[in-house]
Amino acid sequence: MKKLLLTVALAFIGRELLAQLPTNSFAVISPCPASAGNPSILKKINTDGTLTTVGTIKDGATSLIINALGYDNNPDASQRAAYGMQVVQPITINNFQTPPNLYKINLTTAQATKIGAIAPPPVPRSTFTTIYLSQTLNFVGDGSPSSTYYVGAATFRYGVFTGLIDMVKLYVGTVPLLPVPSAQATWRVLDISEPNTAAVVENFRLQVQAFISSGGSGPTPEGGIQDWVYDPFSGNLVSYLGQEFKYLTIKNPGTAPVATTIIIPPANRIPTPTAQDIGSMFTDKVGNIYVVTANSGSIYRVDRTTGYYTGLEYNGKFGCSRGDAVSFAGALPLPVELISFSARPGTGQVELQWETASEENMRQFTVQRSQDGLGWTAVATVPATNNPHGARYQARDTAPPTGQLFYRLAMEDLDGTRAYSPVETLTYQPQTAWAAYPNPAHDFLVVEGAGRAREVLLLNGLGQVVRRLAGPAQHTPLRVATAGLPAGLYYLTTKDEAGRPFSQKIEVR
């Protein structure tokens, strides 16, 4: 089960900004471990990520564990409420298929009103040799501006004598929350024919297989999808799969849902120390998507269409817990706005430069370097000027290792909140000082050290030459046009006058 779920409807107007969490936000949290069956506590989320307790979630005098929060968009703000599904602990083979109850939660009193059980999709009648199973996923849910609650479900077939699971199907259900909330879901089969999505579902099938084979004592199957969020800009549901670093998009979720999945490259993944579940996702009113790690409660912003990490991290105080949250409209301060960040090779060093448009309540900037895009080391720290009109900065990495290097800028606020710049990538060679930037490239690519080459080639993913340029007569940078090329991965290759090869992976957007 998830350690943390956080679904939020924010009011965030910004660009690449280091910002705090919005006001008027609430969470339901059940402290770890899940096996303890601790009841959910309604807490107010403060802008610095700290939590203020409202009360234990109860239906009358009975404490509840709540997950998969959504929200309604009631025109009367005083009547707005959070909605979530009840989680029964422990999960066993006997209650595996029990439909979860949907509850409406009062944000002032923490009292919950039961709406009813959300029955899973119907399945054929079981026989002596074949058992059909159907489950409403009580950890996947989100609301939309139309006050529709989107919930997930799965069905599959189990062979009594073979012990095999097959015929796995995933579903998207819609539940109306206004004018009168209902627990009646309208289920639609999710099209999972796209190959990457089919692999996600196969992983789910294997988990179900192991759970059934263990007699219900093994891990609960979750199929990689820990949560999904409704993107109001596209009308899609999206899900970040943290264990597999995949980004799943469901188009037409309320009519004819179709899923596609993107495999996120290492350089574009959220900077977690190890692969871990994404316990939650949330969005804001301008279409930004945020993901929350299950183990630590760290909050990152990702691109809403690709799932690529944008470089922004937010300070969270949730820690290890199970639950969910909802956030209504709130103001966001703008401590810093980053205009640019660049990393370029120099003689025996890498030169870093960045510029801000505005600063307030900032502590410092730290340049971080990585050789794999996952583990990061600080190489320079510069105090912030807190100039309201912005400032220009520079630093140097005086001992860069040979090979492909990743650089990013960690921007730290006075309260410990951090945000990260987009990642800059280059290949450092002490003897030849080869480098290519910017990466990702949009309209052009600059190759440093090209004056030592006879020829520079840019290859597509099939190994076909799409750009061929002669090395310049002087030791000056070479400009390679990338405008008009299809978005994707390319490879820059060349050799210097001594025959030493240089190759770098380039992303064109």
Next item on the list: Output the residue which, of all residues in region 285-297 that are farther than 20 Å from residue 440 by Cβ and among the polar types (S, T, N, Q), is modelled with the highest pLDDT.
Entry: 293
Margin query: Being buried (at least 21 other Cβ atoms within 10 Å of the Cβ), among the hydroxyl-bearing types (Ser, Thr, Tyr) and either in contact with a helix residue (DSSP H, G or I) (Cβ under 6 Å, 6 or more places away or on another chain) or farther than 22 Å from residue 117 by Cα (or both) narrows it down to one residue among 239, 234, 217; which is it?
Written below: 239
Margin query: If I ask for residues that are of a type in the set (Phe, Trp, Tyr) and either surrounded by fewer than 24 Cβ atoms within 10 Å (Cβ to Cβ) or modelled with pLDDT under 90 (or both), which ones from region 136-158 would you list?
Written below: 139, 156, 158
Check: If you take the residues in region 150-183 that are in contact with a Gly (Cβ under 8 Å, 6 or more places away or on another chain) and part of a loop (DSSP other than H, G, I, E, B), which one is nearest to residue 100 (Cα to Cα)?
Finding: 183
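Before we move on, is residue 209 of a type in the set (S, T, N, Q) and under 23 Å from residue 130 (Cα atoms)? Explain how you work it out, then say what you get.
Working: of a type in the set (S, T, N, Q): yes; under 23 Å from residue 130 (Cα atoms): yes.
Taking the combined requirement at face value, the residue satisfies it.
Could you tell me which of the residues 81, 11 is at pLDDT below 55, surrounded by fewer than 24 Cβ atoms within 10 Å (Cβ to Cβ) and either more than 24 Å from residue 276 (Cα to Cα) or among the aromatic types (Phe, Trp, Tyr) (or both)? Even if it seems obvious, please write down each step before you answer.
Values: 81 fails: at pLDDT below 55.
That would be 11, the only listed residue that is at pLDDT below 55, surrounded by fewer than 24 Cβ atoms within 10 Å (Cβ to Cβ) and either more than 24 Å from residue 276 (Cα to Cα) or among the aromatic types (Phe, Trp, Tyr) (or both).
Which one of 425, 476 is among the polar types (S, T, N, Q) and at pLDDT below 75? Write out each step before concluding.
Working: 425 fails: at pLDDT below 75.
Going through 425, 476 in turn, the sole match is 476.
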Margin query: List the strands (runs of 3 or more DSSP E) inside region 228-284, counting only whole elements, that have at least 3 residues being modelled with pLDDT under 90.
Written below: 229-231, 278-284
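The values are calculated or read from the model by the stated rules, or taken from the named source; none is laboratory data. What you see is a predicted model; the values in this text were computed from it and never measured. Using ideal geometry, Cβ is built from the backbone for each residue, glycine included, and neighbour counts are taken over all protein chains shown.
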